[in-house]
Amino acid sequence: MTSDTRTGPPAFGGERETLRAFLDYHRATLAMKCEGLTDEELRRRSMPPSTLSLLGLVRHMAEVERAWFRRVFEDHDAPMVWSDEIDFQAAYDASASTREEAFTAWEAEVAASRRIEREAASLNVAGYQPRWQEEVSLRMVMIHVLLEYGRHNGHADFLREGVDGTVGA
């Protein structure tokens with residue numbers, strides 16, 4: 001990690017603005033944890049038998065973004081990025097992946113998620129979560145995805161430290 005260029009969430013602001021800012025902050029945190037590493041370093045696994053790696057986390061979060069924004073609010077049948085079924089674990093296996101492949105997919109899903117959120121009239125807009133077979137609000141989706149990033153950025157902290165000793169942020 002060369003520098004911390006993340007924009008922190010506002011100390012005061014509306015609910016939607018705050019949720020959006022925290023999501024973007026956590027997205028930037030994941031990208032920052034991967035900064036300056038080679039494909040091989042990004043693929044380095046935590047410990048056997050786990051396939052968890054920084055690149056696997058980026059791939060997983062592309063699936064999360066797609067499953068919670070695109071599939072809920074636009075296309076309930078949109079295929080997952082790395083599996084023919086709804087298998088979030090498939091994304092963790094980044095053994096043949098590259099930074100370009102993973103980040104291109106993740107950035108595309110983040111862009112789609114941002115567009116969907118910005119086009120929604122309010123946080124109360126309902127979408128259909130096909131895995132749960134029930135409607136959910138945009139508010140719930142944003143909070144759920146924010147919690148996913150929080151959990152996985154914690155994993156990214158340990159993974160990055162294991163690769164080159166870098167800690168912080």
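The values are calculated or read from the model by the stated rules, or taken from the named source; none is laboratory data. A quick note: this is a predicted structure, and the numbers were derived from the prediction, not measured. Using ideal geometry, Cβ is built from the backbone for each residue, glycine included, and neighbour counts are taken over all protein chains shown. The area values use the complete protein model at the heavy-atom level, side chains included, leaving out ligands, DNA and RNA. Shrake-Rupley method; radii C 1.70, N 1.55, O 1.52, S 1.80 Å.
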Item checked: Gained length - residue 115 relative to residue 134, 0.36 nm times residue gap less alpha-carbon distance -> 4.6 nm
Notebook entry, point to check: Looking only at 154, 14, 127, which one moves most when the chain is put into a Gaussian network model with springs between Cα atoms under 10 Å?
Noted result: 14
Checklist line | 1.4 Å probe accessible area per residue over the range 40-166, in Å² | finding: 49 Å²
Notebook entry, point to check: How about the range 91-161: which trypsin sites (Lys or Arg not before Pro) there lie in a loop by DSSP and see at most 15 other Cβ atoms within 10 Å?
Noted result: 131
Next item on the list: Sort 140, 32 by accessible area with a 1.4 Å probe, largest first.
Entry: 140, 32
Checklist line | Portion, in percent, of the accessible area of the chain that falls on carbon or sulfur, probe 1.4 Å | finding: 52 percent
Item checked: Sites matching chymotrypsin sites (Phe, Trp or Tyr not before Pro) across the range 102-151 that sit in DSSP coil, with at most 14 neighbouring C-beta atoms within 10 Å -> 132
Checklist line | Segment residue 167-residue 87, length gained on full extension (0.36 nm per residue, minus Cα span) | finding: 25.7 nm
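Could you work out the mean projected area of the convex hull around the alpha carbons of the chain, in square nanometres to one decimal?
That works out to 9.8 nm².
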Next item on the list: Loop only per DSSP, at most 11 neighbouring Cβ atoms within 10 Å: give me the GluC sites (Glu not before Pro) in the range 35-143, ordered by residue number.
Entry: 85
